[in-house]
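Okay, so here's the structure we're looking at.
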Amino acid sequence: MSLPVEGSTVLVTGGAGYIGSHTCLQLLEAGCKVVVVDNLDNSSEESLRRVKELIPGKAENLSFHNCDILDEAGLDKAFAAQKVDAVIHFAGLKAVGESVAKPMRYYSNNIAGTVTLVAAMERAGCKSIIFSSSATVYGEPATVPCTEDFPTAALNPYGRTKLFIEHMLTDLQASDAQWQVVLLRYFNPVGAHPSGRIGEDPKGIPNNLMPFVQQVAVGRRPQLSVYGDDYPTSDGTGKRDYIHVMDLADGHVAALCKVRKDEDCGCITVNLGTGTSTSVLELVNSFAKASGKEIPMQIVARRPGDAAEVYAKTDRALEVLGWSAKNSIEQCCIDQWKWASENPYGYGGPE
Ligand code: NAD
Ligand code: UFG
């Protein structure tokens, strides 16, 4: 059965990155033409080369512009090469700690970058945007699961950029009903394409749990620090909603279907999560089983700003997008390990 996105042209900012590369693949599978705009700040073109290799018959439907979203002329050139039906906007900086140390870098790249992108879209006559937001906009939620109408809060400059861009795009759509805006709030993306050819390749020391566990398993880091075992959870460690990156990618295809078939969709906010949570110890055990490796770990103090438990209410995603996550945490670990064991240094060589 063909999807309503078949034949659509989608400009994907940040398409060479972790979530972007998996989404490009699923868009190509669904019959879209994909135009990637990425400045390779946190990625390499190798990811796109491998996406093409995974989809041999449709590789010519992917084009790449090495371009910063702050570069007006570069964006105009990327839009001018063909008529673009919708934009999926992943490009952004995402390291929470770095955003505290270098806030202006985050405000410039994420917020000014989005302003520049929206202006280029208006010049090109494209008024449909799907934006990568984050569960970070729930701050430390008072209860779980998080529904989309929960109060929002920002705990750091990174979170403030996500929240501000959400407000900005909401105001834009309210000012002009021709705009279609989908704000996707991701929970914790993990895993990799089951082929093991594409996956997450963080630069430096990973901030997030799964890539850190992966690097311990392949011997790049001696042990995992578990941030606290005295939370009010089943085993005392923090619990999160880990979502397989392929499910997340399919969530973007579902969002694109929505904007392509419902021109009056307006502005929609949707959680992309699984609706269940997994503790740090459960994730480590699952990864140890998938990899056959022991994961040395040490319990250390809580990380400031960490909530005990965060997971998504997923009803709206099913109702509005007809989408739900399919993969278990076990499958996430199996696919993460295939990627890690076959690419221990990601797309590059040893540091
Ligand atoms: P990533 O760093 O792998 O991908 C982001 C891509 O954007 C990279 O390829 C980078 O080179 C590119 N980029 C950054 N600034 C740019 C600029 N000014 N111009 C052009 N390209 C630029 O990150 P990811 O994990 O794939 O995340 C994608 C999006 O999803 C980000 O906006 C991130 O904030 C959001 N998000 C990620 C997570 C997560 O845990 N991975 C969770 C919630 C939301
Ligand atoms: N954790 C450890 N040790 C580590 C890293 C993490 O014990 O080395 C624990 C954390 O305390 C937390 C859980 O593992 O309980 C998950 O931590 P992550 O850093 O992987 O994920 P967070 O949920 O804290 O935050 C991430 C991003 C946020 C984003 C959020 C939801 O960093 O920006 O996912 O998308 F908002």
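The numbers here are math on the coordinates, done by the rules we state, and not lab data. These figures come from a predicted structure and were not determined experimentally. Positions of Cβ are generated from backbone atoms using ideal geometry, with glycine treated the same way; all protein chains shown enter the neighbour counts.
Every condition in (1) over 20 Å from the mean Cα position of the chain (by Cα); (2) within 13 Å of ligand 1 (Cβ to nearest atom); (3) surrounded by fewer than 20 Cβ atoms within 10 Å (Cβ to Cβ) is met by ASN156 except one, and the failing one is (1).
The rows are residues; the columns are (1) of a type outside the set (Lys, Arg); (2) over 14 Å from GLN214 (Cβ atoms); (3) without any contact (Cβ under 8 Å) to a residue 12 or more places away in the chain; (4) surrounded by 22 or more Cβ atoms within 10 Å (Cβ to Cβ).
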site	(1), (2), (3), (4)
LEU283	yes, no, no, yes
LYS293	no, no, no, no
ALA308	yes, yes, no, no
TYR311	yes, yes, no, yes
ASP335	yes, no, no, yes
ASN343	yes, no, no, no
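Residues in the range 1-25 that are surrounded by fewer than 24 Cβ atoms within 10 Å (Cβ to Cβ) and closer than 11 Å to VAL51 by Cα: 0 in all. If you take the residues of the range 26-46 that are within 8 Å of ligand 1 (Cβ to nearest atom) and closer than 20 Å to GLY196 by Cα, which of them is surrounded by the fewest Cβ atoms within 10 Å (Cβ to Cβ)? Per the stated criteria, the residue is ASN42. For SER133, the conditions (1) part of a helix (DSSP H, G or I); (2) buried (at least 21 other Cβ atoms within 10 Å of the Cβ); (3) of a type outside the set (D, E, K, R) all hold with the exception of (1). For the range 183-190, state whether one or more residues are within 16 Å of ligand 2 (Cβ to nearest atom) and in a helix (DSSP H, G or I). There is no residue in the range 183-190 that is within 16 Å of ligand 2 (Cβ to nearest atom) and in a helix (DSSP H, G or I).
Scan GLY228, GLY204, GLY191 and give me the residue that is at positive phi, surrounded by fewer than 20 Cβ atoms within 10 Å (Cβ to Cβ) and in contact (Cβ under 8 Å) with a residue 12 or more places away in the chain. Within the list GLY228, GLY204, GLY191, the selection yields GLY228.
Looking across the range 124-140, the residues that are within 22 Å of ALA95 (Cβ to Cβ) and either among the polar types (S, T, N, Q) or touching a helix residue (DSSP H, G or I) at 6+ places or on another chain (Cβ under 9 Å) (or both) come down to PHE131, SER132, SER133, SER134, THR136, VAL137, GLY139. Out of VAL144, VAL100, VAL84, VAL96, one residue alone is touching a Phe, Trp or Tyr at 6+ places or on another chain (Cβ under 9 Å), more than 9 Å from ligand 1 (Cβ to nearest atom) and within 27 Å of ALA254 (Cβ to Cβ). It is VAL144. Can you confirm whether ALA78 is in contact with a Lys or Arg (Cβ under 6 Å, 6 or more places away or on another chain) and either within 11 Å of THR13 (Cβ to Cβ) or of a type in the set (A, V, I, L, M) (or both)? No.
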